[in-house]
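Q: Got a structure for you, written out below as structure tokens; questions coming shortly.
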Amino acid sequence: MHMISKHGEQEVNALFHKIHMLILRSLLAVQNVIIQDKHCFELYGYDILVDDTLKPWILEVNASPSLAADTPVDHELKYGMLDDVLTLVDMEHKLPPQSLTQVGGFDVLIDQTAPPAAKPPQQSHLLGCYNDRLENLKELRKPARQSTA
């Protein structure tokens, strides 16, 4: 909200898109050395600096980001992130089969159900900003509950 009030919603959305592209490009740059096994996943932590012109800079990428929580807010953030990771992994196959744009607090950056030539969605991405992740998770689980009833 601070950034939107200072720079405007359009500029902040453009910044989030640039961060989204930095993340994708950094992963594409190392895709040949990342283990690609459908039986496991890896969590990366990105430290991004935003300058006064709203240009994002990658400071570092952590292959094993710390999950220690020093404050209640930090605990809530990391607990929610871990909950969303496990929801996204979907080991119990509870997510609906349709194309998803968001799972909890995560934006889905690559639609694996779309053809390779499909354009990425033209929506703004939250990239870890506050969103109603609990409401999103409730909505995702509705079809699964209805189909089992």
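Q: Enumerate the calculated ³J(HN,Hα) couplings along the stretch 67-84 in order (Karplus 6.51 cos²θ - 1.76 cosθ + 1.60, θ = phi - 60°), each rounded to whole Hz, writing x wherever the residue is Gly or Pro.
A: Along the stretch 67-84, the couplings run 10, 5, 10, 9, 10, x, 5, 4, 4, 4, 4, 6, 4, x, 4, 5, 4, 5 Hz.
Q: Taking the Cα atoms of the stretch 1-65, what is the range of coordinates along each of the three principal axes, in descending order and whole Å?
A: Largest first, the stretch 1-65 extends 43, 19, 19 Å along its Cα principal axes.
Q: Would you mind computing, in nm to one decimal, how far apart the modelled labels at Lys78 and Glu60 are, each placed 7 Å from Cα along Cα→Cβ?
A: Output for this residue pair reads 1.6 nm.
Q: For Lys6 and Asp47, what does the FRET efficiency come to when R0 = 25 Å and r is the distance between their Cβ atoms, rounded to the nearest 0.05?
A: Efficiency, from the Cβ-Cβ distance: 0.70.
Q: Let me ask something else. Quote the convex hull volume per residue of the stretch 14-102, based on C-alpha atoms, as a whole number of Å³. Can you show the working numbers first?
A: Numbers: hull volume 13.3 nm³, N = 89.
Normalising the Cα hull of the stretch 14-102 by residue number yields 149 Å³.
Q: For Cα pairs less than 8 Å apart in space and 6+ apart in sequence, what is the mean separation divided by the residue count of the stretch 1-65, i.e. the relative contact order in percent?
A: Relative contact order here is 28 percent.
Q: Post the alpha-carbon centroid distance, the stretch 9-51 to the stretch 58-92, in whole angstrom.
A: 15
Q: Taking the alpha-carbon distance from Lys78 and a cut-off under 20 Å, which aspartates and glutamates remain once sequence neighbours fewer than 8 residues away in the same chain are dropped?
A: Glu42, Asp47, Glu60, Asp70, Asp90, Asp107, Asp132, Glu135
Q: Quick one: how many Å² of Ser5 are accessible to a 1.4 Å probe, rounded to 10?
A: 100
Q: Additional query: Provide Met21, Met1 ordered by accessible surface of protein heavy atoms (probe 1.4 Å), highest first.
A: Met1, Met21
The values are calculated or read from the model by the stated rules, or taken from the named source; none is laboratory data. Small disclaimer: the values here were computed from a predicted structure and weren't measured. Every residue, glycine as well, gets a Cβ built from its backbone with ideal geometry; the counts of neighbours run over all protein chains shown. SASA here: full protein model, heavy atoms, side chains in, ligands and nucleic acids out. Shrake-Rupley method; radii C 1.70, N 1.55, O 1.52, S 1.80 Å.
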